[in-house]
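Below is one structure, written out as structure tokens; comments come after it.
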Ligand code: UDP
């Protein structure tokens with residue numbers, strides 16, 4: 001597969017528009033193995049630098065979407081190339097449209113029980129012909145995961161969405177992708193919370209200005225600690241730039 005793959009502080013990122021991601025993902029469905037899709041943001045990059053298991057899961061992924069302004073600005077600073085942002089929620093929406101059109105079987109895994117119930121109701125309302133074959137909340141006991149994989153396979157799932165937060169979801173997918181008989185597996189973080197209306201998305205004006213992080217900071221101040229990683233990320237980018 002031809003790839004416009006760049007590296008940002010050791011972490012690969014694919015520089016495509018959302019439409020190109022969609023056609024490449026569709027092409028990959030004819031491969032016998034599972035196509036894996038992860039979103040890359042500064043927080044995940046900084047974590048991967050001190051978590052070799054996460055870094056290797058990211059390096060082995062088929063599609064790494066540039067989620068968030070920090071990623072695209074980082075690519076621009078290091079490689080001098082402007083790439084478009086593709087958020088996980090947007091790509092998931094497109095994949096659900098595709099699944100509805102092509103009658104693919106979809107399974108949703110992750111988030112709190114009430115969140116996945118609400119999100120799946122909303123998804124089915126928006127995609128009435130969707131084959132949503134199963135849902136499972138993300139607080140399953142450890143010893144039930146093998147049975148879950150069996151169920152996902154028996155239901156002939158084509159598209160599996162996993163929202164366990166990072167790095168749990170990436171490690172889960174990395175661990176089970178060899179036994180999953182699905183066409184595609186995407187890590188969706190807190191997208192089900194967004195779809196359920198629990199953590200609404202930033203208004204369009206914030207999205208347009210690339211300030212979704214600021215909106216999240218204002219609306220969920222408890223995430224403040226997580227965003228302290230941003231200055232460190234910018235520092236690392238500038239250091240790499242100066243040393244190159
Ligand atoms: N989550 C889960 N199981 C866990 C831990 C987390 O299902 O053991 C869910 C949590 O309920 C939330 C999502 O994972 O829906 C994580 O959301 P967050 O916004 O932290 O993820 P991000 O998008 O930042 O990766």
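Listed values, structure above:
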quantity: Cα gyration tensor shape for region 42-93, rounded if a/c is under 1.5, else prolate or oblate; calculated: oblate
quantity: Max mean-square fluctuation residue, GNM over the chain, Cα-Cα springs under 10 Å, options 111, 166, 56; calculated: 56
quantity: Label-point separation, residue 101 to residue 234 (7 Å along Cα→Cβ), nm; calculated: 4.0
quantity: Antiparallel content of DSSP bridges confined to region 3-88, in %, to 5; calculated: 50
quantity: Efficiency of FRET between residue 4 and residue 206 - r from beta-carbon atoms, R0 30 angstrom, step 0.05; calculated: 0.65
quantity: The chain - share of DSSP beta bridges that are antiparallel (%, nearest 5); calculated: 15
quantity: Calculated FRET value between residue 225 and residue 26, using beta carbons and R₀ = 51 Å, to 0.05; calculated: 0.85
quantity: Relative contact order (%) - criterion: Cα under 8 Å, at least six apart; region: the chain; calculated: 22
quantity: Residue among 132, 148, 160 with the largest mean-square fluctuation in a Gaussian network model of the chain, springs linking Cα atoms under 10 Å; calculated: 148
quantity: Ranked list, fewest to most other Cβ atoms within 10 Å of each Cβ, for 229, 194; calculated: 229, 194
quantity: Gyration tensor (alpha-carbon) shape descriptor, region 197-244, a/c threshold 1.5; calculated: oblate
quantity: Full-extension gain in nm, residue 178 to residue 112, via 0.36 nm per residue minus C-alpha separation; calculated: 21.1 nm
quantity: Cβ-based exposure ranking for 82, 5, 201, in which fewest neighbours within 10 Å come first; calculated: 82, 5, 201
quantity: For the chain, average projected area of the Cα convex hull in nm²; calculated: 13.0
quantity: Which of 58, 96, 209, 242 has the fewest Cβ neighbours within 10 Å, and the rest in rising order; calculated: 242, 209, 96, 58
quantity: Ranked by how many other beta carbons lie within 10 Å on average, peptides 84-90, 46-52 from highest; calculated: 84-90, 46-52
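FYI, it's all coordinate maths here, none of it is from the lab. The shown structure was predicted, so the numbers you read here are calculated from the model rather than taken from an experiment. Ideal geometry is used to build each Cβ from the backbone, glycine not excepted, and the neighbour counts take in all protein chains shown.
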